[in-house]
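Sharing a structure with you now.
The values are calculated or read from the model by the stated rules, or taken from the named source; none is laboratory data. Being a predicted model, the structure only gives us computed values, none of them experimental. Using ideal geometry, Cβ is built from the backbone for each residue, glycine included, and neighbour counts are taken over all protein chains shown.
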Amino acid sequence: MVTINGEKREDCEGLSVTEMLKREGYETSRIAIEINGVIISKKEFNETLLHSGDSIEVVSFVGGG
Amino acid sequence: MKNRKQEKNDKFILGGHEFTSRFILGSGKYSLDLIRASVQQAGAQIITLALRRANQDGRANILDYIPEGVTLLPNTSGARNADEAVRIARLSREVGCGDFVKIEIMRDTKYLLPDNYETVKATELLAKEGFIVMPYMYPDLNTARDLREAGAASIMPLAAPIGSNKGLCTKEFIQILIDEIDLPVIVDAGIGKPSEACAAMEMGAAAIMANTGIATAGDIPAMAEAFKLAIEAGRKAYLAGTGRVLERGGSASSPLTGYIQDGSVKEGNKSYEE
């Protein structure tokens, strides 16, 4: 079980970040990722695998002042 | 008032980047389909954004609505202290926006007044990481000096609480910063009308940041244009040197001689008296 943006997700262990983003419907070019508080750069998405207990934040820009 | 140097190309330089527009536009509180028109009507070359958890499944992303060539200025809204601001700044840079960041750190959620102390800390940390740091701050001269020492590229003092449209409530204290701080002073927050933006520019502000004043207007793109024109007018007035103010009495604008009296005009018109 991992947590993505505060929500628990099953069956994500062992997926790469790229695979997780595709499955969850996130647009890679518009986001940034943090796993357990550490920023994962885009070039590491393919090689970085998710582990049980990981807390993942997927963020992007929205309107703001 | 002396005529300040009239530069042919009055450039606004921020962190080594040149801009010709002195209007930084916020993108909050209005719908995505109005953003492109507003940016164009504003002539804005810098637009602020916030960073939040991403949407899934192909919902529209704001970056698709911002015209090419506009500099993105992510803010650290949501941060309650320097560490949170640093985290948001790093994530924003990772999304891909260049090195600009507007530091916005608020502990108080009622008035949304920025925490000057944490802002100085965040500025120092982020300047060391190569960010072009634009700190939103409460207009305090000592904090402004600390921000300059910490490596800020500009200072952004508030005119009034965020979203209030109350205008230049902190006018006197912004003037102190303009007079004393050797950095671009960008008035940010609380500017509700183009006339207020114009007044700030006449004072010598380097630029204006506005969001709610546009987003709550009846016709958003038209208001963006009104702000643009006001900011240009204020800058021109500043460079021209506004006329002196007489604290007491008046001074005639028309000649004091040659009045028509008793059906005849008196001879010997003199020129205007000062």
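Can you tell me which residue in the stretch A:29-51 is surrounded by the fewest Cβ atoms within 10 Å (Cβ to Cβ), limited to those that are under 20 Å from B:ILE88 (Cβ atoms) and β-branched (Val, Ile, Thr)?
In this case the residue turns out to be A:VAL38.
Of the residues A:GLY14, A:GLY63, A:GLY6, A:GLY53, which single one is in contact with a Gly (Cβ under 9 Å, 6 or more places away or on another chain) and of a type in the set (Gly, Ala, Ser)?
Criteria check complete, one pass: A:GLY63.
To continue, here is another question. Looking at the structure I just gave you, is B:GLY204 within 13 Å of the chain's Cα centre (by Cα) and either of a type in the set (Lys, Arg) or away from chain A (no Cβ under 14 Å) (or both)?
So B:GLY204 passes the test.
Something else about it: Tell me, yes or no, whether the stretch B:114-130 has at least one residue that is more than 18 Å from B:ALA82 (Cβ to Cβ), of a type in the set (Asp, Glu) and within 14 Å of chain A (Cβ to nearest Cβ).
no
If I go through the stretch B:29-75 residue by residue, how many of them are within 23 Å of A:ILE33 (Cα to Cα), more than 7 Å from chain A (Cβ to nearest Cβ) and basic (Lys, Arg)?
1
So which helices (runs of 4 or more DSSP H) are wholly in the stretch B:158-254 and hold at least 3 residues that are in contact (Cβ under 8 Å) with a residue 12 or more places away in the chain and over 20 Å from B:ILE47 (Cβ atoms)?
B:171-180, B:194-203, B:220-240
Out of (1) aromatic (Phe, Trp, Tyr); (2) part of a helix (DSSP H, G or I); (3) under 24 Å from B:GLY28 (Cα atoms), the odd one out for B:TYR136 is which?
(2)
Quick check on the stretch B:89-97. Is at least one of its residues within 13 Å of chain A (Cβ to nearest Cβ), in a loop (DSSP other than H, G, I, E, B), surrounded by 19 or more Cβ atoms within 10 Å (Cβ to Cβ) and charged (D, E, K, R)?
The answer is no, given that none of the residues of the stretch B:89-97 is within 13 Å of chain A (Cβ to nearest Cβ), in a loop (DSSP other than H, G, I, E, B), surrounded by 19 or more Cβ atoms within 10 Å (Cβ to Cβ) and charged (D, E, K, R).
Which residues, counting only those in the stretch A:17-26, are aliphatic (A, V, I, L, M) and either more than 11 Å from every other protein chain (Cβ to nearest Cβ) or within 30 Å of B:MET156 (Cα to Cα) (or both)? First the steps, then the outcome.
Within the stretch A:17-26, the subset aliphatic (A, V, I, L, M) is A:17, A:20-21.
Once the filter is applied, which keeps residues that are aliphatic (A, V, I, L, M) and either more than 11 Å from every other protein chain (Cβ to nearest Cβ) or within 30 Å of B:MET156 (Cα to Cα) (or both), the stretch A:17-26 yields A:VAL17, A:MET20.
Right, next: So, of the residues in the stretch A:8-28 that are acidic (Asp, Glu) and over 25 Å from B:LEU63 (Cα atoms), which turns out to be surrounded by the most Cβ atoms within 10 Å (Cβ to Cβ)?
A:GLU13
B:LYS11 is checked against (1) in contact with a strand residue (DSSP E or B) (Cβ under 6 Å, 6 or more places away or on another chain); (2) at the interface with chain A (Cβ under 9 Å from one of its Cβ atoms); (3) at pLDDT below 95 and fails just one. What number does that condition carry?
Result: B:LYS11 passes all but (2).
I've got another one for you. Search the stretch B:95-128 for residues being on the phi > 0 side of the Ramachandran plot and of a type in the set (Gly, Ala, Ser), and hand back the single one that is farthest from the chain's Cα centre (by Cα).
Filtering first and then ranking leaves B:GLY96.
Which residues, taken from the stretch A:27-60, are more than 10 Å from chain B (Cβ to nearest Cβ) and of a type in the set (Lys, Arg)?
A:LYS43
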